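Colleague: My structure is below; once you've seen it, I'll send some questions.
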Amino acid sequence: MRLEFLSLPENVSLARTCAAAVVAQMDCTLEELEEVKLVISEAVSNCIIHGYGNQPDGKIILEISLYDNGTVEMLVADYGRGIEDVARALQPAYSSEAGRMGMGFTFMKSFSDHMKVDSTPGQGTAVTLIKNLGCQGKQALA
């Protein structure tokens, strides 16, 4: 599944709902579904807040792939500011915005089995999250 949408705050909910609808095909638990929704919310919120500085005209990409072994791969990408120092940004409590908790990447890492962050300053950021669900997929539908 591939979805492209603008960096509007209300699209965080859209992304969560779409991700949940796709992943629900895997017969996963409600807890696993909630964890997927959380990581998608965090990743999309990062695009809006940090990637585009809350500007509503940025493009965000959400891709979800399901695999027969119960694995889901999620990609959230933007074409925004990018991250100067990815290693620093991945540290708990670090935020490029004053007053923010800086726990987004920590939550994403906690609720996925693998997280990769690729970023180029001035060109954008792509976050890939892989989660192994406690099920065997019906089939790779997305």
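The values are calculated or read from the model by the stated rules, or taken from the named source; none is laboratory data. Since we're looking at a predicted model, the values are computed, not measured. Heads up: the accessible areas ignore ligands, DNA and RNA and are worked out on the full protein's heavy atoms, side chains in. Shrake-Rupley method; radii C 1.70, N 1.55, O 1.52, S 1.80 Å.
Colleague: Two decimals, Cα atoms only, Kirkwood Rh: what is Rg/Rh over the stretch 1-81?
Modeller: 0.99
Colleague: Turning to a different aspect of this structure: Considering only protein heavy atoms, what per residue accessible area in square angstrom results for the stretch 2-141 with a 1.4 angstrom probe?
Modeller: Dividing the accessible area of the stretch 2-141 by its residue count gives 51 Å².
Colleague: Any chance you could run the full-extension gain for Lys116 through Ser45? It's 0.36 nm times the residue separation minus the Cα-Cα distance, nm to one decimal.
Modeller: Gain in length upon complete extension: 23.9 nm.
Colleague: Can you run phi through the Karplus equation (6.51, -1.76, 1.60; θ = phi - 60°) for the stretch 9-17 and list ³J(HN,Hα) in whole Hz, with x for Gly and Pro?
Modeller: After applying 6.51 cos²θ - 1.76 cosθ + 1.60, I find x, 5, 7, 4, 5, 4, 4, 4, 5 Hz.
Colleague: Can I ask one more? To check my understanding: the extent here is largest minus smallest coordinate of the Cα atoms along each principal axis. What are those three numbers for the chain, in Å, largest first?
Modeller: Sorted from largest, the Cα extents of the chain read 42, 29, 23 Å.
Colleague: Another question, then. Could you work out what % of the accessible surface of the chain is carbon and sulfur, using a 1.4 angstrom probe and leaving DNA, RNA and ligands out of the count?
Modeller: With neighbouring chains kept in place, the figure for the chain is 51 percent.
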